[in-house]
Amino acid sequence: MKTLKRYFITGLITIIPLFLTVYLFIFVFQFFDGILGGFLNNYIKAKFGFYIPGLGLILSVCIVLFTGIIASKFIGREIFIILEKWYASLPLIKSIYPAFKQLVTFLLSQKEGGFKKAVLVEYPCKGIWSIGFLTNEGLEKINNAVNRDMVAVFLILSPGPFSGYVVFVPREELKFPDLSVSDALKIIISGGVLK
């Protein structure tokens, strides 16, 4: 009986991540394909008698690329800044849009300004170490208030990578483990199971 239980658990551990990955890809494909694909494929089916799976996804990718090209050019950049300010000032939207903008910029940004390094910090009390991420240094106002060289450390709540605490820690109290940011995220999100 124990052998069957072990095989069953091993099967679950093998199948569930595969299933969830495939499900996520199908969900993303259907979501993006449905944005434009539903409308266009209804027209194509009515006119020509067939439909093209993935057409909406292809058009969505093309629109994102075209928007990126326009937004990165000088005139387009200025226009997008004006449109974004107007959009972000609308009632209800102004309380949601800036948070999403910061989150997406942070997650997709390839520039410095996100998680700089994985660190260990004694939190929530002495003798208990938590993995955190160095996010900011040179915080003059905070440094002046406490007369120490403080750094900002983001402590993620497991398992979700989008919530946590920001703590300000004296630089000399941090430990710098030989961990990349992605390895540290894996440890946190897995609840310490993955190494």
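In this structure, the pairs whose alpha-carbon distance is over 26 Å, taken from LYS117/LYS141; LYS73/LYS101; LYS94/LYS141; LYS116/LYS141; LYS85/LYS116; LYS73/LYS141, are LYS94/LYS141; LYS85/LYS116; LYS73/LYS141. For the peptides 149-155, 60-66, 17-23, residues were scored by their other Cβ atoms within 10 Å and the scores averaged per peptide; the highest-first order is 149-155, 60-66, 17-23.
Looking at (i) 9, 32, 29, 19, 9, 1, 0; (ii) 7, 19, 24, 25, 16, 7, 2, 0; (iii) 9, 38, 40, 12, 0, which value of P(r) over Cα pairs in 10 Å bins from 0, in percent comes from a calculation on the structure shown? Calculated P(r) over Cα pairs in 10 Å bins from 0, in percent: the matching label is (ii). Summing Lys and Arg as +1 and Asp and Glu as -1 over all other residues whose Cβ lies under 12 Å from the Cβ of GLY132 gives a net charge of +1. Helix 74-88 and the longest principal axis of the Cα set of the chain meet at an angle near 80°. Which shape class applies to region 2-108: rounded if a/c is under 1.5, otherwise prolate when a/b exceeds b/c and oblate if not, where a ≥ b ≥ c are the square roots of the Cα gyration tensor eigenvalues? Here region 2-108 falls in the oblate category.
Where a number appears in this text, it was derived from the coordinates with a stated rule and is not lab data. As the structure is a prediction and not an experimental result, all values here were calculated from the model. So basically every Cβ, Gly included, is an ideal-geometry build from the backbone, and we count neighbours across all protein chains shown.
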